[in-house]
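All remarks here apply to the structure that follows.
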Amino acid sequence: MANRRMFSRDVASSDAFLDMPLSAQALYFHLGLAADDEGFLNSPLSVLRMVGGCRDDLNLLIAKKFVIPFESGVCVIRHWRTNNYCRSDRFKPTLHTAERAMLTIGSDLVYQMDTTGIPDDNLRYTDGIPSIVEYSKEEIFLSEPQADSDVESKKDVPKGRKRPIYEPDSKFMKAAQWLADDIAKQQPGCKQPTSAQLQAWSNDFRLMEERDGIAWELIRETLLFARGDSFWCGNILSGGKFRKQYNTLRARMESPAKAPAQAQQPARRELKQL
């Protein structure tokens, strides 16, 4: 098997690719390094764990059609032939012959699923909805604010391990309850989160501190800003949304043009006590 891998600028510089978070982009490159000479690999989750990514990154690569998954757990880099050319004297055919037989290569050198002559009840590929992960595209990109955090937190809980239960006096639950109360004050028409959703929001706050490595003081400060800003208060309506937008919020806070507006924010008593 060849020891070098290449990546095409047509792929890696496309808007669709650059629109993904850096963690998903990094995962794509590592999957490419781990793939065989035809772009197949049977250990995408091992690569995911090795680079410290989350399943959302893999789901996003599948949803964006950079990776094709199979029922067996094998996946293939869709633009493999665009990225790589392997000399015939070094080329080693893939061992995943069953999955390879399900694909065709178009004139653009991109892998496509070959559905010709395959009965519907035998067709396992579902146009981007992976069987090797637990969540569908619809779950990942849910638009209802209260659902964001629940989905986000589920993906961060390893299979077989239960999510922690957060007590009312936990700082994470206090932050989640504060957010819910502030939404009720500023957006009284929004549906209030359930107890399960408050648990999910608490989990998001915990993950921000423990997994994302963000100091609790910065989390509090940024949450205050988000809920005090005329634009962001209508967008940050769940713990998951806050975690997802954290970097954007910090950049907005630290922008010189935003400093005057930030100074005008009212002091939020309850949250500052956490």
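FYI, it's all coordinate maths here, none of it is from the lab. As the structure is a computational prediction, the values presented were derived from the model and not from experiment. Cβ: placed from backbone, ideal geometry, glycine included. Neighbour counts: every protein chain shown.
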Taking a ≥ b ≥ c as the square roots of the eigenvalues of the Cα gyration tensor of the stretch 1-99, is the shape rounded (a/c under 1.5), prolate (a/b larger than b/c) or oblate?
-> oblate
In what sequence do 60, 218 fall when counting other Cβ within 10 Å, fewest first?
-> 218, 60
Counting only DSSP loop positions in the stretch 1-100, the chymotrypsin sites (Phe, Trp or Tyr not before Pro) whose Cβ has at most 15 other Cβ atoms within 10 Å are 85, 91
Estimated FRET transfer efficiency when R0 is 35 angstrom, pair residue 4-residue 248 (beta carbons, to 0.05) = 0.45
Taking 0.36 nm per residue of separation between residue 87 and residue 196 and subtracting their Cα-Cα distance, the length gained on full extension comes to 33.7 nm
Long-range alpha-carbon pairs in the stretch 43-90, meaning those over 15 Å apart, account in percent for 54 percent
Segment residue 100-residue 26, length gained on full extension (0.36 nm per residue, minus Cα span) = 24.1 nm
Taking a label point 7 Å from the Cα of residue 217 along the Cα→Cβ vector, which residues of the stretch 171-186 have an amide N closer than 20 Å to it?
-> 171-172, 175
